[in-house]
1. For the stretch 202-223, which positions are surrounded by 18 or more Cβ atoms within 10 Å (Cβ to Cβ) and touching a Lys or Arg at 6+ places or on another chain (Cβ under 8 Å)?
2. Pick from the stretch 305-337 the residues that are in contact with a strand residue (DSSP E or B) (Cβ under 8 Å, 6 or more places away or on another chain) and of a type in the set (Gly, Ala, Ser): which of them is surrounded by the most Cβ atoms within 10 Å (Cβ to Cβ)?
3. Given the condition assigned to a helix (DSSP H, G or I) and either crowded, with 24+ Cβ neighbours inside 10 Å or of a type in the set (Gly, Ala, Ser) (or both), answer yes or no: does some residue in the stretch 338-354 qualify?
4. Among the candidates Ala295, Ala255, Ala291, which residue alone is surrounded by 24 or more Cβ atoms within 10 Å (Cβ to Cβ), under 16 Å from Val380 (Cβ atoms), out of contact with any Cys (no Cβ under 6 Å at 6 or more places or on another chain) and in the same structural domain as Gln67 (by TED's automatic domain parsing)?
5. Look at the stretch 1-53 and say how many of its residues are within 22 Å of Gly253 (Cβ to Cβ) and in a strand (DSSP E or B).
6. Within the stretch 106-209, which helices (runs of 4 or more DSSP H) (wholly inside it) include 3 or more residues that are at positive phi, modelled with pLDDT of 95 or more and assigned by TED's automatic domain parsing to the domain that holds Leu238?
7. How do the pairs read when you match residues in the stretch 194-219 that are under 30 Å from Arg143 (Cβ atoms) with residues anywhere that are hydroxyl-bearing (Ser, Thr, Tyr) and buried (at least 21 other Cβ atoms within 10 Å of the Cβ), using Cβ under 6 Å and keeping only pairs 6 or more apart or on different chains?
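The values are calculated or read from the model by the stated rules, or taken from the named source; none is laboratory data. Predicted model, so just to flag it, every value in this text is computed and none were measured. For neighbour counting, all protein chains shown are included, and Cβ atoms are generated from backbone atoms with ideal geometry for every residue, glycine included.
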Amino acid sequence: MKAVDFIEMEEQFGAHNYKPLDVVLTRGERVWVWDVEGRRYMDCLSAYSAVNQGHCHPVIRQAMMDQAARLTLTSRAFRNDQLGLLYRELCQLTRSHKVLPMNSGAEAVESAIKTVRKWGYQHKGVPEDRAEIIVCANNFHGRTITIVSFSTDPAARGGFGPFTPGFKIIPFGDAAALEDAITDRTVAFLVEPIQGEAGVIIPPEGYLRQVREICTRRNVILILDEIQTGLGRTGKILAEEHEGIEADLTLIGKALSGGFYPVSAVLSNSEVMEVLKPGEHGSTFGGNPLACAVARTALRVLVEEGMVANAAEMGARFLDGLRRIDNPLIKEVRGRGLMLAVEFFPEAGGARPYCLALKDRGLLCKDTHTDTIRLAPPLVITRQEVDWALEQIAAVLAAPPS
């Protein structure tokens, strides 16, 4: 079958809730993927940072196969021999006290929302059903009804109401706005260290330190959504490390399994997590032995193979190369580690035509918020591969695509 046949099947039988580039992939290795007709591409999206360790990492793949041959699922009605090990290794790596395992990133966000609300009622004395969580404009935390209730993206909200109450929206990167928004009913502030879907928006230097001080002083739980930024993407295990802070709750997912299996987690201090009692929250698949074995190995290779340091080094090289591209239609180039973006002025006609032109040159990336190209290759990318990618990008950005 040819690519056009697969595309026609998707269009005929699938829901039209995505608008992907028309490339049909069939195989991947490290930073490279191949389509059904044998063409090779560099993946500069990494499944939205889910394959930080590279496509089909052989060590993670073997761990998955070995565990799948032994035991895959018990539910949490029984214990398994992988869950406690994952808990310990995650806590040691991230300096956390407790771990709540889930499956998708959105489930981790929902779990955090439930947990901090209950903490507010039990520990802060907020009246029942009156808890309020502060979030930022242009956030992206998932697509469940509760999460899109505090989105500012019209496409995410349109036609999906009624929405869940209990959220207050403030500008991103504005610590004074957070201070002003806090009331006696505020239980938490939920924020991305870098806004990924919004176009790799990096807050001002010192913002997270200010946020940490405000939340501590005002007795508000700080929740950092590190589902995209975490596990090496920014050149640190967690993006919070760039400002030397620790959140009360940290959300991770995506790269937690190296792209092999849906795994997410809420990392917490003991005070917040202890409010959850048996029967109050859970997941049939959350913490299953297959997920835990895969996640343990994904974390191990991330550290042992030096991927975090490589993300810092190659990210700096990539960012410098992007900033050297001379195109008057480029508004800004920004990034941290291997989380990068090129934003165009509106008169450029949008970022998608550039993404299509890059696809034709063997490089896959994705436009976001109309005018921005997001670039996030796997953390195993080499110096030579970064230079190759820059050559393709520079060639495409030298002139507006036809």
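1. Within the stretch 202-223, Ile202, Leu222 qualify.
2. To start, the set of residues in the stretch 305-337 that are in contact with a strand residue (DSSP E or B) (Cβ under 8 Å, 6 or more places away or on another chain) comprises 315, 318-319, 322-323, 325, 329-335.
Applying the additional criterion that residues be of a type in the set (Gly, Ala, Ser) yields 315, 335.
Details: Gly315: 25, Gly335: 23.
Among them, the one singled out is Gly315.
3. Going through the stretch 338-354, the residues assigned to a helix (DSSP H, G or I) turn out to be 346-348, 352-354.
Subsequent filtering for residues that are either crowded, with 24+ Cβ neighbours inside 10 Å or of a type in the set (Gly, Ala, Ser) (or both) retains 348.
Yes, the stretch 338-354 contains at least one residue that is assigned to a helix (DSSP H, G or I) and either crowded, with 24+ Cβ neighbours inside 10 Å or of a type in the set (Gly, Ala, Ser) (or both).
4. Working: Ala295 fails: under 16 Å from Val380 (Cβ atoms); Ala291 fails: under 16 Å from Val380 (Cβ atoms).
Checking each option against the conditions leaves just Ala255.
5. Initial filter on the stretch 1-53 (within 22 Å of Gly253 (Cβ to Cβ)): 17-18, 20, 25, 28, 30-31, 33, 43-53.
Narrowing further to those that are in a strand (DSSP E or B): 25, 28, 30, 33, 43.
The number of residues fulfilling the criteria is 5.
6. Answer list for the stretch 106-209: none.
7. Hits for this filter: Ile194/Thr229; Gly199/Thr372.
Matching residues to (1) touching a residue at least 24 places away in the same chain (Cβ under 8 Å); (2) buried (at least 20 other Cβ atoms within 10 Å of the Cβ); (3) in contact with a helix residue (DSSP H, G or I) (Cβ under 6 Å, 6 or more places away or on another chain); (4) under 24 Å from Gly306 (Cα atoms):
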| position | (1), (2), (3), (4) |
| --- | --- |
| Pro20 | no, no, no, no |
| Ala69 | no, no, no, no |
| Thr74 | yes, no, no, no |
| Glu107 | yes, yes, no, no |
| Lys114 | yes, no, no, no |
| Pro127 | yes, no, no, no |
